[in-house]
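Contents: one structure, followed by commentary.
The values are calculated or read from the model by the stated rules, or taken from the named source; none is laboratory data. Note that the structure is predicted; figures quoted are calculated from it, not measured. For neighbour counting, all protein chains shown are included, and Cβ atoms are generated from backbone atoms with ideal geometry for every residue, glycine included. Just so you know, the surface numbers come from the protein's heavy atoms only, side chains and all, with ligands and any DNA or RNA stripped out. Shrake-Rupley method; radii C 1.70, N 1.55, O 1.52, S 1.80 Å.
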Amino acid sequence: MENIPKISDAEWQVMKVLWEKSPITANEIIARLEDEQSWKPKTIRTLINRLVGKNAVGFDKDGRQYLYYPLLPEADCVRDEARSFFGRMRAGVLKPMLAAFIEQQKLSKDEIEELKRMLDR
């Protein structure tokens with residue numbers, strides 16, 4: 001997918017909620033994020049509005065409520081974020097960074113096998 005907007009770390013949290021379940025109301029998004037992030041409802045509404053402005057989130061009006069849904073597939077956003085991240089890395093940094101990541105994570109046997117298959121490609 002082309003022209004994926006830059007999504008901030010905070011906006012990613014809203015997108016994750018929408019990718020898990022949508023369409024949902026702003027109040028449902030707020031309920032999910034208020035406890036997780038200790039954010040005020042106004043902050044979450046601002047994030048939703050920013051995402052709408054970036055054409056990352058759409059909405060339908062249902063009476064007095066707005067039902068929000070993602071306009072961008074999660075896989076495309078993750079791929080674009082990874083491309084951006086790796087584009088900022090210097091040559092020679094990837095191997096030690098990947099090694100540090102693997103050492104810090106508790107990977108299951110299936111996850112390790114999946115990583116091996118990816119590397120073989």
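Odds and ends about this structure:
- The condition of being over 20 Å from the mean Cα position of the chain (by Cα) and polar (S, T, N, Q) holds for only one of SER22, SER108, SER38, that being SER108.
- Any chance VAL52 is more than 30 Å from LEU119 (Cα to Cα), touching a Phe, Trp or Tyr at 6+ places or on another chain (Cβ under 8 Å) and part of a helix (DSSP H, G or I): yes
- If you go through region 85-96 and pick out every residue that is exposed (fewer than 11 other Cβ atoms within 10 Å of the Cβ) and not basic (Lys, Arg), you end up with 6.
- Odd one out for MET118, checked against (1) open to solvent by 60 Å² or more (accessible area, probe 1.4 Å); (2) part of a loop (DSSP other than H, G, I, E, B); (3) of a type in the set (A, V, I, L, M): (2)
- Of note, SER108 satisfies the criterion of being of a type in the set (S, T, N, Q), at pLDDT below 90 and not assigned by TED's automatic domain parsing to the domain that holds PRO23.
- In summary, ALA82 fulfils each of the numbered conditions (1) without any contact (Cβ under 8 Å) to a residue 12 or more places away in the chain; (2) open to solvent by 80 Å² or more (accessible area, probe 1.4 Å); (3) under 22 Å from GLU11 (Cα atoms) with the single exception of condition (2).
- Output for region 36-72, where each listed residue is closer than 14 Å to PRO23 by Cα and open to solvent by less than 70 Å² (accessible area, probe 1.4 Å): ILE48, VAL52, ALA56, VAL57, GLY58, LEU67, TYR68, TYR69, PRO70, LEU72
- Odd one out for THR25 among (1) under 17 Å from ILE7 (Cβ atoms); (2) open to solvent by less than 70 Å² (accessible area, probe 1.4 Å); (3) not aliphatic (A, V, I, L, M): (1)
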